[in-house]
2 protein chains.
Amino acid sequence: MRERVVVKFEPDGVKIEGRKGETVLDLIHKTGLSIRSECGGRQVCGKCRVIVGTPESCSEITQAEMFHLTKEEISHGYRLACACKILNDTVIIIPEESRIGVRSVLVEGVGKEVKLEPYVRKLLLFLDKPDLSDVRSDLQRIRDSLRETYNLDSAKFSFELLSRLPEVLRDSGWKVALTLWKDKIIDVEASDAIDEVYGVAVDIGTSKIIGYLTDLKSGKLLEVCFIENPQISYGEDVISRITYASENVENLRRLHKVLIEGINKVISRLCIKAKCRARNIYEVTVVGNTVMHHLFLSLSTKFLGLSPYVPVVSEPINVEARELSLKVNPSANVHVLPVIAGFVGADAVADIIATGIHKSDELSMVVDIGTNTEVILGNKESIMASSCASGPAFEGAHIKCGMKAVTGAIERLTIDPKTLEVTYKTIGGSPPVGLCGSAVIDCIAELFKAGIIDRGGRMMDQDIHGKIRIVDSDREFVLVRKGEDGAKRDIVITQRDVREIQLAKSAIYTGCYILMKRMKVRPEDVEKCYVAGAFGNYLNLTNAKLIGMLPDLSPDKIEFVGNAAGAGARMALVSKSVREEAAEAARKVKYVELALDPDFQLEFASAMYLPHRDVNRFPSLKDLV
Amino acid sequence: MRERVVVKFEPDGVKIEGRKGETVLDLIHKTGLSIRSECGGRQVCGKCRVIVGTPESCSEITQAEMFHLTKEEISHGYRLACACKILNDTVIIIPEESRIGVRSVLVEGVGKEVKLEPYVRKLLLFLDKPDLSDVRSDLQRIRDSLRETYNLDSAKFSFELLSRLPEVLRDSGWKVALTLWKDKIIDVEASDAIDEVYGVAVDIGTSKIIGYLTDLKSGKLLEVCFIENPQISYGEDVISRITYASENVENLRRLHKVLIEGINKVISRLCIKAKCRARNIYEVTVVGNTVMHHLFLSLSTKFLGLSPYVPVVSEPINVEARELSLKVNPSANVHVLPVIAGFVGADAVADIIATGIHKSDELSMVVDIGTNTEVILGNKESIMASSCASGPAFEGAHIKCGMKAVTGAIERLTIDPKTLEVTYKTIGGSPPVGLCGSAVIDCIAELFKAGIIDRGGRMMDQDIHGKIRIVDSDREFVLVRKGEDGAKRDIVITQRDVREIQLAKSAIYTGCYILMKRMKVRPEDVEKCYVAGAFGNYLNLTNAKLIGMLPDLSPDKIEFVGNAAGAGARMALVSKSVREEAAEAARKVKYVELALDPDFQLEFASAMYLPHRDVNRFPSLKDLV
């Protein structure tokens, strides 16, 4: 009795060898073809209808099939793929009604749907064993089988793979799972690894590295993990890292190395959490500002720090993982998204992709707040971008009680204008430890509304309700007292903190303003404003406007989208089209150098006020101010 | 006064920037366009005629030009490129009559002409310096200039290059020599490196590694160098190396490593001899038998030693030099010629290419004698190939006084049948040291003719003229006595040596015979027989036939072609078309496994006789025998 059967699926023309008795559904899954199967193959939904060429090659009609199919359908060879077992070679037609429409993945945060179309896929191959009448080379055998089974011709291959080929083929009994990136063979394993296809999107921030582990078969996000960027010990902002890296080539290599080690740590944690093997990660997408981009690729950042601030390379880069010592499959493709200019990087490109402004009719603005804040303005016609040195205040640095948006951080607060009583919420509901960026913004806005700080940012000098005091010759407002709700220390906001925020928000506002000026649009022309950044899950946009961080836009136009750069990297991970869009968008965007604008100095100084020296710029706040 | 001029060459449409006062010939050379200039630019030959668009942009007409050009030609703007200096921007036409026909390179040894069309070329680029109004990335700047100057689009680039890019561009003052392999940028240097374009062809023999350093601009062979294959300490023949490499992966890595080190030694010597830098070697072609091929690529040889003797890969391989740690430019392309089967390697493919039998109407045979001897038979219609384990006797090993074909080796000798007086010639005319392969063949043939050894290979047991004696219980014939012509020892040929040669020649003859049988052709149908091998410059083909190493072919059909595999590697180095032909030929050749032929055992035993047990196989020798 024959144990193996060959089934050909039409109209795709895909052939596969299976075990006698396997269901049609199992075989379809192995080929990588798609079929509806809402119940997961339990003969319940009746969606996986197929037509068998030779009904006598199949098992008997089941009760479930009698229920789901009409007599006439059965007489025409209709079966349910999950019920029908193959006993002999046959041809099977998968009709249009049973096919899955294009699969989409929802990217959380930005809420965008993206078509699942990764460059990586795994295919099952059953190879003929060589004998003296068939002495084709191992690689040729694979090529021939790829052509016969999947109609794939002239597949390239990763050189590194060849050395493992002979053992894998023989140990697996000539049944292998082949991994392709585009048309390049990058891995060969025993066939039981067929479903292990993963990818990681990496967002390299100046202060944080975030990794997103994704199942490339389903597009599902499996795990997220982040660590502090270990480069921080060589400088807090990009300028100090450029300075360090420019001293000598060893310093550059060191910054590159600690970054790669950091990313490897993130990847290793993701794999442990998701219980998957790093060698089954076949694609990595990377975003980051231009300095992070260059340090990741071990490229000199020296000329990013010198006028005219020219990057070494701006286009998207594809490079094998082993060239960068990333601990994933050595032949995995690392796709680094394109950069726009010396100070507008791949993170800005990812912002564009994630918010979709490059495809939108609406004039949209993106403000991605970080140590460097990218401001992007435009629509599908044209886009301008610039970068402002806003400093790390919104990420909790340079703020006396500042901290990152992690457990224990106060993420939102209100201050009663009469009693000055403070109400707040911490991340995870834990005892308060400090203030993350969103709380700092709330704080300034609430104190401004309560009249504790004036338009110039000056904190009043008389104490009210025992809340204002002077410590280390700096005035400060006490938000939470030590012991209150389990606080281990007084949590305060200082005069110096307010100044820090004023500088930061002024930089951002000036960026928005100059971009609008250059595009010759007024605030009311901006139809949509996306605010992104590492604020955790929350940002009070009214308060952000109140302190003058954003132009005076109607609240329904402003949307907080969290880590848009990370979302963009994840979209690029699962979609070819998104990468093409990103490359196209990066080429199209016009970079605006803010410091070269004649109005820059004056604008920056005027924007230091709360919300602005010129109240007419904020008509909606006129009554309040 | 402007110091730079822009010249556009028509009809090619190539633009180049030059210094004011440079000659048109200099500029043409820089673009990479070709023009006749037999005298090398000394205004003597009058061949470099060009037509200038604006004669007023050029220097005055010289005396030489008045001599070589008619008044009418001068009035139409004709000039000599070597005499005409450019003072201002202009367009220059290079007429058809001044163009060089396709350049050909003569490959010594096989005497084949091959069109010079390497994959590697260097181009001169003068880039715009970036400023705040032009902040294109370094790479983009190069891409744009390549397109504008040379009409080259979408050039790929070697990732490794990017890290050096910023410094090279700025240190060279934005004037660079760009190296392309196909359409991939593999090197960027200051412009004065424009002429340094080298390649190395490597022939990896089981016992010898030979390197050929070639100038890829002219196709000229600059230096040849060889060393003993350092793998020899791990086994003399391929089988023992397979055995060693199959023990564990460390052994495989070791054989790979010593081979690479050996090749690097050859390359380093070539560079010292030719005074060129290894980093200007941009292409390496490699041939060798399948075991050498696999060890070079660090591929498992285990299954080459086990039936059905399947190679890991047979097609041609292109891989960057740094992946193999070859000490040439790290982004240089290493092209490994294809193999045919487990025991018919890239050296056989190179033999085919070098002898041109794949393009010939004539039924041709190639016998490439080495430790493994490849026998190839066919013409442009079809080709069969097989491999015989002939052992290293013809390379001087396993022969009492044997040695390689180097200075001091006796390379030819005759023995007077009456007096048994020996006349000989050594390589380099030095005192005799030993016998190389060609002399061993002469020896056996001459002793056979003199009746000292019989058809069965037995040496007569009575002494004649004091020439035959017994030493260490082995009979031997004294060819040169110690002291004679400065010989430091007696040079002899022993009974055991004769047996060794009988085994070797029988293996080769059997290969030729079975291939002819399979192709259903008789000796008289073979129109051409190329004999290749490491015999130095000389091989007495009549003697080779007399001992029965080759079938009985008329002497004018047999040609000794020296190291044909090396010649094939050199042809592939300078020519794209040759590589395509090689790939095509490798696919086409049918491999014949000799040991599977039912006649093999009997044939082998019969061919042990001198020239053969069946004298009818050698009708031309009937009288002699």
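Tabulated results
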| quantity | calculated |
| --- | --- |
| Given (1) assigned to a strand (DSSP E or B); (2) not assigned by TED's automatic domain parsing to the domain that holds A:ARG458, index of the condition A:VAL521 fails | (1) |
| Matching residues, segment B:429-455, being assigned to a helix (DSSP H, G or I) and of a type in the set (Ser, Thr, Tyr) | B:SER438 |
| Residues (more than 29 Å from the chain's Cα centre (by Cα), assigned to a loop (DSSP other than H, G, I, E, B), within 12 Å of chain B (Cβ to nearest Cβ) and not basic (Lys, Arg)) located in segment A:156-173 | A:SER163 |
| Hits in segment B:173-190 (condition: of a type outside the set (A, V, I, L, M, F, W, C) and surrounded by fewer than 18 Cβ atoms within 10 Å (Cβ to Cβ)) | B:GLY173, B:LYS175, B:LYS182, B:ASP183, B:LYS184 |
| Selection count where residues are of a type in the set (Val, Ile, Thr) and under 16 Å from B:VAL110 (Cα atoms), scope segment B:539-560 | 1 |
| Subset of segment A:123-155 [among the acidic types (Asp, Glu), part of a loop (DSSP other than H, G, I, E, B) and at pLDDT below 90] | A:ASP153 |
| Single condition A:TYR424 does not satisfy, out of (1) modelled with pLDDT of 95 or more; (2) within 23 Å of A:ASP474 (Cα to Cα) | (2) |
| Subset of segment A:131-184 [more than 14 Å from B:VAL312 (Cβ to Cβ) and among the β-branched types (Val, Ile, Thr)] | A:THR149, A:VAL176, A:THR179 |
| Which numbered condition A:TYR513 misses (of (1) surrounded by fewer than 20 Cβ atoms within 10 Å (Cβ to Cβ); (2) closer than 21 Å to A:ILE547 by Cβ; (3) among the hydroxyl-bearing types (Ser, Thr, Tyr)) | (1) |
| Residues being within 16 Å of A:THR214 (Cβ to Cβ) and of a type in the set (Gly, Ala, Ser) - total across segment A:274-304 | 2 |
| Looking only at segment A:226-251, and only at residues there that are hydrophobic (A, V, I, L, M, F, W, C) and part of a helix (DSSP H, G or I), the one that is nearest to A:ALA565 (Cα to Cα) | A:VAL238 |
| Filtered residues of segment A:566-625 (kept if acidic (Asp, Glu) and within 14 Å of chain B (Cβ to nearest Cβ)) | A:GLU593, A:ASP597 |
| Lone unmet requirement of (1) surrounded by 22 or more Cβ atoms within 10 Å (Cβ to Cβ); (2) part of a helix (DSSP H, G or I) for B:LEU610 | (2) |
| Tally, over segment A:185-214, of residues that are without any contact (Cβ under 8 Å) to a residue 60 or more places away in the chain and not small (Gly, Ala, Ser) | 5 |
| Which numbered condition A:ASN289 misses (of (1) buried (at least 17 other Cβ atoms within 10 Å of the Cβ); (2) within 13 Å of another protein chain (Cβ to nearest Cβ)) | (2) |
| Filtered residue count, segment B:128-142, keeping only those that are of a type in the set (S, T, N, Q) and either buried (at least 20 other Cβ atoms within 10 Å of the Cβ) or in contact (Cβ under 8 Å) with a residue 60 or more places away in the chain (or both) | 1 |
| Count of residues meeting criterion [at positive phi and either of a type in the set (D, E, K, R) or without any contact (Cβ under 8 Å) to a residue 12 or more places away in the chain (or both)] in segment B:3-49 | 1 |
| Residue match in segment B:90-108 (condition: small (Gly, Ala, Ser), surrounded by 18 or more Cβ atoms within 10 Å (Cβ to Cβ) and without any contact (Cβ under 8 Å) to a residue 60 or more places away in the chain) | no |
| Filtered residues of segment B:558-573 (kept if assigned to a strand (DSSP E or B) and of a type outside the set (Asp, Glu)) | B:ILE558, B:PHE560, B:VAL561, B:GLY562 |
| Selection from segment A:168-215 of residues that are of a type in the set (Gly, Ala, Ser) and more than 19 Å from A:VAL334 (Cβ to Cβ) | A:SER172, A:GLY173, A:ALA177, A:ALA190, A:SER191, A:ALA193, A:SER207 |
| Condition broken by B:HIS256, with the remaining ones in (1) more than 12 Å from chain A (Cβ to nearest Cβ); (2) free of Cβ contacts under 8 Å to residues at least 60 places away in the same chain; (3) in contact with a Phe, Trp or Tyr (Cβ under 9 Å, 6 or more places away or on another chain); (4) of a type outside the set (A, V, I, L, M, F, W, C) satisfied | (1) |
| Residues of segment B:216-225 classified as assigned to a strand (DSSP E or B) and either β-branched (Val, Ile, Thr) or surrounded by 20 or more Cβ atoms within 10 Å (Cβ to Cβ) (or both), total | 2 |
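Residue-wise test of (1) among the β-branched types (Val, Ile, Thr); (2) over 33 Å from the mean Cα position of the chain (by Cα); (3) at pLDDT 95 or above.
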residue: B:ALA572; (1), (2), (3): no, no, yes
residue: B:GLU584; (1), (2), (3): no, no, yes
residue: B:LYS588; (1), (2), (3): no, no, no
residue: B:ASN616; (1), (2), (3): no, yes, no
residue: B:LEU624; (1), (2), (3): no, yes, no
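The values are calculated or read from the model by the stated rules, or taken from the named source; none is laboratory data. Note that the structure is a prediction, hence the values are computed from the model and not measured. A quick note on method: Cβ atoms are made from the backbone with ideal geometry, for glycine too, and the neighbour counts reach across all protein chains shown.
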